[in-house]
1. What helices (runs of 4 or more DSSP H) lie completely within the range B:250-310 and have 3 or more residues being in the same structural domain as B:A132 (by TED's automatic domain parsing)?
2. Return the residues of the range A:48-67 that are surrounded by 24 or more Cβ atoms within 10 Å (Cβ to Cβ) and outside any loop (DSSP other than H, G, I, E, B); say none if nothing qualifies.
3. Can A:Y160 be described as within 23 Å of the chain's Cα centre (by Cα), surrounded by 14 or more Cβ atoms within 10 Å (Cβ to Cβ) and away from chain B (no Cβ under 14 Å)?
4. Would the range A:239-256 turn up any residue that is within 14 Å of chain B (Cβ to nearest Cβ), within 18 Å of A:P81 (Cβ to Cβ), in a helix (DSSP H, G or I) and of a type in the set (A, V, I, L, M)?
5. For residues that are farther than 18 Å from B:S46 by Cβ, over 19 Å from the mean Cα position of the chain (by Cα) and more than 9 Å from chain A (Cβ to nearest Cβ), scanning just the range B:76-96, find the one that is surrounded by the most Cβ atoms within 10 Å (Cβ to Cβ).
6. Before we move on, is B:G131 within 14 Å of chain A (Cβ to nearest Cβ), under 16 Å from the mean Cα position of the chain (by Cα), touching a residue at least 24 places away in the same chain (Cβ under 8 Å) and buried (at least 24 other Cβ atoms within 10 Å of the Cβ)?
7. As an exercise: evaluate A:D154 against (1) farther than 30 Å from A:L233 by Cβ; (2) without any contact (Cβ under 8 Å) to a residue 12 or more places away in the chain and give the number of the one condition it does not meet.
8. Give the residues of the range A:135-161 that are in a helix (DSSP H, G or I) and either in contact with a Lys or Arg (Cβ under 9 Å, 6 or more places away or on another chain) or over 28 Å from A:F123 (Cβ atoms) (or both), sorted by residue number.
Amino acid sequence: MTWNLKNGPLLGAALMLVVLLAAPHMFYPVFLMKVLCFALFACAFNLLLGYVGLLSFGHAAFFGSAGYITAHMVKALNFDPLAGILVGVMVSSLLGLVIGWLAIRRSGIYFAMITLGFAQVIFFLSLQLKFTGGEDGIQGVPRGMLFGLVDLTDTMSMYYFVLAIFLCGFWLIYRTINSPFGQVLKAIRENEPRARSLGYDTDRFKLMAFVISAALSGLAGGTKALVFQLASLTDVNWHMSGEVVLMTLLGGMGTIFGPAIGALLVVTLNNYLAGFGSWVTIIIGAIFVSCVLAFRRGIVGEILEKVRTWPTRHKT
Amino acid sequence: MAKKRLLTAFGTGLALLMAVSGASAAGLSDGVVKVGVMTDMSGAYSDLCGPGSVVAAQMAIDDFGGKVLGKKIELVSVDHQNKADIAANKAREWFDTEKVDVIADLPTSSAALAVMEVANQKNKITLISTGASTKITNDSCIATNVHWTYDTYALAVGTGKAVVANGGDTWFFITADYAFGHSLEGDTAAVVEANGGKVLGKVRAPFPNTDFSSFLLQAQASGAKIIGLANAGADTINSIKQAKEFGITQNQTLAGLLIFITDINSLGLDTAQGMMLTTGFYWDRNDETRAWSKRFRERHKNMPTMGQAGVYSSLMHYFAAVEKAGTDDSAAVMAAMKSMPINDMFAKNGYIRDDGRMVHDMYLVQVKKPSESKGPWDYYNVLRTIPGDEAYMSLDKSTCKLVKK
C-alpha cells in the first residue's frame, strides 16, 4: 500500500464514521452526544484560530446564545427541533456578523479582548433577560419529534440526529478549508499584508470566516441545548470560551481532526475526573501546560508531523 | 352449599396466585438501592452541606443496617459545583447508567430544579434538603419530590415576622442574584409588608461574591433600620464580616435570612451575637438531637447543620418507605412516604403534602452573647417553636399542579 498524506483525511473520515456509528452501543450515548457537540464547537473555533489565525476569546457567546434561542423556540413556541436549532444558528451568525465586523478591525490581543468584551455583554444579557431564566437557565426543554416523525426522546434516535448534525457541520468545515476560499484564509494567516497586496479584500474574508465559525458554534450550542434539555449560563460563560481554546490546542490547531480529538479528551477528563471536584481544573491545567511545553502542535498535529518527516528520517 | 365453598376456595386460590405473582413483580428493580448525594463539595455552600451531607447519608445507611428488603444500600456522591447543567447531566447519567434510585441534598435552587426535571422524566425520587426556593413545591413541583428541611417562605415567616415585631420596620435587601435569592427576598418582603413594615430598596449581588462593599454602602445610604441578607453560606459570612468592618452595624441591624450553624461558627459569636434567625434543626434542643449530633460530630468535624440533619432524616424515611412498600418503585415508595408520619430526631409528627412539602416545626433562635455560651457550638437560644402549619405556605395558596382544589 502506498502511504500518501493526501488520502489521510479520507482514511481518517472513514475510520471516524465507523467508530461513531458503532459507538453508542458500547458507550453511554448522552456522553457521546456531549463529545460530538463539543467536537463540532472546537472544529468551528479551529476554523478561525487554525486557518485564519484569529484567536477569539468570546466564542461562548455564539455557542451559548444559540442554545438559549433554540431552547426558547422549542420550549415556549413549540418549534420543530431542527427548526429551533436553525433559528439558533441564524441568531448566532447574526451575532457573529456584528461582533466580527467590529472585531476584525484589530488583530492579536486587541481582537481577543474585543471578542471577550462582547461575550461578556452576551453573558450579562443571558443573566438579565426575562426569557433566559437568569441563574436557573431554561430547563426542561422538550426534544420533541423531528419532522413530526422521529421521536427524539429516544436516546438512540437523538444520538443519530446529533451525529448527522455533527457530520454536516464537519463536512462544511472540511469543504471550507479545502476550497479556494480556504486557501485565501490560509494566505491571510501566513501573511496578511501580502494577501492584501495580491488584491484580496482580507477584511471580507476574515469576516466571512468569522460568521461561518459563529454559525457552526451556534449549531453545536443549539444541539447541546436539545441533548441536555437545558440552556444555562455555563455555556455563555467565559470559561467556555477558554475551554474551546484548550480543546483546539490540545488536539492540534490547524488540523482537521485535532479539535475533535481535543474535545473528546477534555470532555472525557471532565467526566471521569469529576469525582476529584476542584482538582479537575488543576489536572487539566497541568496537562495543558505539559502539552504546550512538550508537543506544541497538539496531539494530531504532532502525529501528522511524525508521519510527514518519517521518510526523511529513515532515508539513511 | 358445596358449590359455594368450591367457589370460595377457587377465589382464594386465585387471589393467592395473584398475590404471589404480584410479589415476584415487586421487590427491588435491580437488586440494589442506590442513594446519590448531589451537593456542593468545594464551593460557597460546601461547609453547610457538602462532605457533611455525605457523612449524614452514610450514617442513615449504617443506622438502617446497610440493607433494605435484604438488599445492600449503596452510596455515591458528586460535586455539582452549584451549576444547573452539571447537576442535570450527572443526574441523567446516574439514572441511566448507575441505577441510582434516589438523589438527596441538592443545594442551590437552580441546580435542584434542573435535577427535578430529569427525575420527573425518569420517574425517580429526589429528596431536597438544602435547596430552598419555594418554586420547588409550587410552579415546578413534581410527584416524586419531597422538599424536606426548609424553604424561603418558612425563613421569611420566622425571621421576617420576628424582626418587624422587634421594631425593625424599614428594610433594605442585599440579594443573591438567582432563583433562591429572589425567592427569599420576595417571600420576606411580603411578610415584612404584611406585618406593617416597609421595604426601602434592594440590590442584587452576583453569586458567588466576595466583595460586598458597594452593596453594603447602598444599604447604608438607604437609611433602613434592617439590612436583610437574602443570601447564604460564604456570601452571608462575607457580607456580615464586611458590614462590621464598615461600622454599618452600629446604626443598622443585619438580618441574615438564611443562616446555618456553620456560618455562626465561622463568624464567631463576637460578630454574630444577637442575630435572630430561623432554623429547622438545632443540635442542643433535646436528648435525641444531642445524641444524634454527637455521633455526627464524631464522624465529621462540625456539628450538623439543618441541611445535613435533613439529609439523614429524609433518607431514613425513604428506606422505611421502601421497606413498607416492599419495592423501590417510585410511585409506591412515594405513597408509603406520604402515608407515614415522620418522627425522628429531626421532626415530630412531620408529614408530606401533595405538593411535596414536608411540614414540620421550625425554630426561631437568637445567637448567644459570648458570655452566655458555655462552649464550642453552644450558639443559640431558642426563642419560639414555629408550628409547621404556620411556618409553611398553606396548600390553598400553592400554585402546584398536583394540588387538587
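The values are calculated or read from the model by the stated rules, or taken from the named source; none is laboratory data. All figures in this text were calculated on a predicted structure; none of them were measured in a lab. As a convention, Cβ positions derive from the backbone with ideal geometry for all residues, glycine included, and neighbour counts pool all protein chains shown.
1. Here the list reads B:287-299.
2. Correct list: A:L48, A:A60, A:A61, A:F62, A:F63, A:G64, A:S65, A:A66, A:G67.
3. On the way: within 23 Å of the chain's Cα centre (by Cα): yes; surrounded by 14 or more Cβ atoms within 10 Å (Cβ to Cβ): yes; away from chain B (no Cβ under 14 Å): yes.
So A:Y160 fits the description; yes.
4. Taking the range A:239-256 as the starting set, the residues that turn out to be within 14 Å of chain B (Cβ to nearest Cβ) are A:239-240, A:243.
Next cut, within 18 Å of A:P81 (Cβ to Cβ) only: none.
Within the range A:239-256, not a single residue is within 14 Å of chain B (Cβ to nearest Cβ), within 18 Å of A:P81 (Cβ to Cβ), in a helix (DSSP H, G or I) and of a type in the set (A, V, I, L, M).
5. Looking at the filtered set, the residue picked out is B:W94.
6. Working: within 14 Å of chain A (Cβ to nearest Cβ): yes; under 16 Å from the mean Cα position of the chain (by Cα): yes; touching a residue at least 24 places away in the same chain (Cβ under 8 Å): yes; buried (at least 24 other Cβ atoms within 10 Å of the Cβ): yes.
In short, yes.
7. Result: A:D154 fails condition (1) only.
8. Start the filter on the range A:135-161 by keeping residues that are in a helix (DSSP H, G or I), which leaves A:135-136, A:155-161.
Correct list: A:D136, A:T155, A:M156, A:S157, A:M158, A:Y159, A:Y160, A:F161.
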